[in-house]
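Scroll down for the structure; my scribbles are underneath it.
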Amino acid sequence: MGKQRPRFGSRVFMPLEYVDWKSDFGRLFISNVLADGGKIGVIDGRFRLSMRVQTPSGKSRSDLDNIVGAVLDSLQDAGIVANDRNCVQISASLEKSGKRGAYFMIVEVESV
């Protein structure tokens, strides 16, 4: 799912589908890292994000920049990164693969 924009009515709110997706993504990301023997800790400083999104047709209902934004929001909401504005480099691709999936790598950047 791509990043959504706030909706305006009697109050400002994010679509419930997006809020639920962010929460599910964060939980799934953490459980997959732990299942693979990895460690989860908050990245407080600068970091790089690499991601590859696969779709059966090579198309998505969302633009790649919106997918990246949604992933960064989810990583922050799940407490994996302290602040998504600390992302200093992004490498992302949207690929036709005949299947649906996503692969991520987050690397903390040493402070200079």
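The values are calculated or read from the model by the stated rules, or taken from the named source; none is laboratory data. What you see is a predicted model, and the numbers here were worked out from it, not measured in a lab. All Cβ positions, even for glycine, are placed from backbone atoms using ideal geometry, and neighbour counts span all protein chains on display.
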| message | Being modelled with pLDDT of 85 or more, over 18 Å from TYR18 (Cβ atoms), over 14 Å from the mean Cα position of the chain (by Cα) and not charged (D, E, K, R): is that true of ILE43 here? | response | yes
| field | Identity of the residue in the stretch 82-91, surrounded by 13 or more Cβ atoms within 10 Å (Cβ to Cβ) and of a type outside the set (S, T, N, Q), that ends up farthest from GLY69 (Cα to Cα) | value | ALA82
| field | Filter result (touching a strand residue (DSSP E or B) at 6+ places or on another chain (Cβ under 7 Å), over 21 Å from ARG85 (Cβ atoms) and basic (Lys, Arg)) within the stretch 21-65 | value | ARG52
| task | Please determine, by comparing only the residues of the stretch 92-112 that are of a type in the set (A, V, I, L, M, F, W, C) and either more than 30 Å from ASP44 (Cβ to Cβ) or free of Cβ contacts under 8 Å to residues at least 60 places away in the same chain (or both), which one is surrounded by the most Cβ atoms within 10 Å (Cβ to Cβ). | result | LEU94
| field | Considering residues of the stretch 55-96 that are part of a loop (DSSP other than H, G, I, E, B) and within 14 Å of the chain's Cα centre (by Cα) only, the residue farthest from GLU110 (Cα to Cα) | value | SER62
